[in-house]
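Readers should treat all values here as calculations from the given coordinates under stated rules, not as data from a laboratory. A quick note: this is a predicted structure, and the numbers were derived from the prediction, not measured. Cβ atoms come from the backbone with ideal geometry, glycine included; neighbour counts cover every protein chain shown.
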Amino acid sequence: MTNVAIRFIGSSPRAEAIKARFVFAEIERGDVVLRSKLASDRPLNDHIVWLWGILKPHRRFLKTHRLQENGIVCESEVSRGSIHLLPNGAEMLHLLGIELVLKVH
């Protein structure tokens with residue numbers, strides 16, 4: 001089982017503006033959270049690439065968000081076993097300076 005989400009930390013003052021850019025986003029405890037809509041049986045890399053497809057057109061906006069000292073984290077829950085992160089998945093993490101946090105069940 002794999003679940004992946006991008007969390008915009010410290011975004012509460014601009015939460016509605018951020019949520020407006022990302023159709024699937026939700027507001028949780030003042031943070032904006034964008035969850036992958038892929039099935040939980042898909043690998044971690046597929047979820048990250050899917051999220052990258054949503055975020056990529058908004059790179060400038062996201063960099064501005066980060067420059068305002070707000071964090072962006074990729075939270076991932078994965079099942080025990082091998083975890084594969086391929087270059088096309090790592091691209092988003094690298095280009096946006098996003099930390100990947102893994103929680104293994």
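Note the count of lysine pairs whose C-alpha atoms are less than 20 angstrom apart in the chain, limited to pairs 8 or more residues apart or on different chains.
The result is 5.
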(request) Kindly identify the stretch 1-54 as rounded, prolate or oblate by the Cα gyration tensor criterion: order the square roots of the eigenvalues as a ≥ b ≥ c, call it rounded if a/c is under 1.5, otherwise compare a/b with b/c, prolate if a/b is larger, else oblate. (result) prolate
(request) Grab the DSSP H runs of the chain that are 4 residues or longer, score each as -39,500 (n - 2.57), total them, divide by all residues and round the 222 nm result to the nearest 500 deg cm²/dmol. (result) -10500 deg cm²/dmol
(request) Rank these for me by crowding, Val23, Val101, Val73, going from fewest to most other beta carbons within 10 Å. (result) Val23, Val101, Val73
(request) Over the residues of the stretch 3-104, compute the C-alpha Rg and express it relative to 2.2 N^0.38 Å. (result) 1.02
(request) Would you mind ranking Asp46, Asp31, Asp41 so that the residue whose beta carbon has the fewest other beta carbons within 10 Å leads the list? (result) Asp41, Asp46, Asp31
(message) Would any residue of the stretch 54-80 have its amide N under 11 Å from a label point 7 Å out along Cα→Cβ of Glu16? List them or say none.
(response) none
(request) Please report the relative contact order for the chain, taking Cα pairs under 8 Å with a sequence separation of at least 6, and give it as a percent rounded to a whole number. (result) 33 percent
